[in-house]
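Below is one structure, written out as structure tokens, with a few remarks after it.
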Amino acid sequence: MKRLLKWVGYVLGGIVAIVLLIIAGVYAVSGQRINKRYPTKVETVAVPGDSVSIERGHHLVFAVGRCVSCHGDNLAGQTLVDNLLMARLASSNLTRGKGGVGSTYTNADWVRSIRYGVRSDGKPLLFMPSFVFYYFSDADLGTIIAYLNSIPPADSEKAKTRIGPIGRALSLFTDFPLIPAERVPRNTTRPAAVPTGVTKEYGEYLINTGGCRSCHTSNLSGGAKIAGVVSANLTPTGIGKWSEADFMKAIRTGVRPDGRILSAVMPWSDMKYLTDDELRAMWMYLQTVPATQKGG
């Protein structure tokens, strides 16, 4: 019996040692990625100061980019997740108040962080969806920065972000977006600006900059599991029986044509601030994407 217990102890000790080695490796590799520097040459973006442009920036921040979902209604930041094994995720205070980056950011810093997900020291911002915001045109990005420069200061110190072992492992072995800077296109020509209007081209622009592909996948066929919810198929195969009115009602009210409520994972409560023309443009684009089975 003693010999058996001794061998059981050896086995358990070996398992613990292996687990600790795996965790150490995950921390080492993920730490290298988190501390990697991305020398980033940013474009010079004109930042207007007129009220019309600032209001345009306000609309893009709230309705399209939906920055408030992470940074809070006053953009002063908040703690989003605080889990020992997963992570403590806290968004930055974007204002000029105490603890806010707005008091120190230059226009170039805004461009670098929003478009490329990189801080001024070259290290990546964590969970900043820059791979989506990369597609904002220079004109729209300029109005976003103009609005961010105009918001009232709010005092709020950012909690220290901490990535736990599960969060780090997910970032290494899945598409968990810990370091979005890795997904931002580099050394490529900037996408051409798209004129606003009720066109499929502008609808595609709104879908790209609004991050729809992040949940509904690159071809919009859905099938990805987000917080336990499988994303819908937005191609004609998935919503082919919907009308434009059905689509607009779902975004405005969160109610599907059959009366079911959209999942809380779907950010319709922020998307409802999109204009009717913007929703029509998005609907026009969705009618042109290839019909694909969910997850195809």
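The values are calculated or read from the model by the stated rules, or taken from the named source; none is laboratory data. The structure presented is a predicted model; accordingly, all values stated were derived computationally and were not measured. Cβ atoms come from the backbone with ideal geometry, glycine included; neighbour counts cover every protein chain shown.
When the stretch 34-60 is limited to residues that are modelled with pLDDT of 90 or more and charged (D, E, K, R), the one that is farthest from S137 (Cα to Cα) turns out to be K36. Test S221 against the criterion of being closer than 29 Å to L170 by Cα, out of contact with any Pro (no Cβ under 8 Å at 6 or more places or on another chain) and touching a residue at least 40 places away in the same chain (Cβ under 8 Å), and give yes or no. Yes; evaluated as a whole, the condition is true for this residue. The one condition from (1) polar (S, T, N, Q); (2) surrounded by 17 or more Cβ atoms within 10 Å (Cβ to Cβ); (3) in contact with a strand residue (DSSP E or B) (Cβ under 8 Å, 6 or more places away or on another chain) that S263 does not meet is (2).
When A46 is tested against (1) farther than 30 Å from D277 by Cα; (2) over 14 Å from the mean Cα position of the chain (by Cα), only condition (1) is not met. Scan the stretch 11-51 for residues that are touching a Pro at 6+ places or on another chain (Cβ under 7 Å) and more than 19 Å from G122 (Cβ to Cβ) and the total you get is 2.
Among G13, G25, which is modelled with pLDDT under 80 and of a type outside the set (F, W, Y)?
Exactly one of G13, G25 is modelled with pLDDT under 80 and of a type outside the set (F, W, Y), namely G13.
Restricting attention to the stretch 58-84, the residues being more than 15 Å from L148 (Cα to Cα) and part of a loop (DSSP other than H, G, I, E, B) number 2. Scanning the stretch 231-256 for residues that are in a loop (DSSP other than H, G, I, E, B) and more than 23 Å from C70 (Cα to Cα), we see that the one that is modelled with the lowest pLDDT is G240.
Return a yes/no flag: does the stretch 64-75 have any residue that is surrounded by 21 or more Cβ atoms within 10 Å (Cβ to Cβ), touching a residue at least 60 places away in the same chain (Cβ under 8 Å), outside the structural domain of L274 (by TED's automatic domain parsing) and over 24 Å from P191 (Cβ atoms). Yes. Which of the residues that make up the stretch 257-266 are touching a helix residue (DSSP H, G or I) at 6+ places or on another chain (Cβ under 6 Å) and either part of a helix (DSSP H, G or I) or closer than 19 Å to C215 by Cα (or both)? Of everything in the stretch 257-266, just one residue is touching a helix residue (DSSP H, G or I) at 6+ places or on another chain (Cβ under 6 Å) and either part of a helix (DSSP H, G or I) or closer than 19 Å to C215 by Cα (or both), namely L262.
Among the conditions (1) within 18 Å of E201 (Cβ to Cβ); (2) touching a residue at least 60 places away in the same chain (Cβ under 8 Å); (3) among the charged types (D, E, K, R), the only one that E244 does not satisfy is (2).
Evaluation of M128 against the conditions (1) out of contact with any Gly (no Cβ under 8 Å at 6 or more places or on another chain); (2) touching a residue at least 40 places away in the same chain (Cβ under 8 Å) shows that the sole unmet condition is (1).
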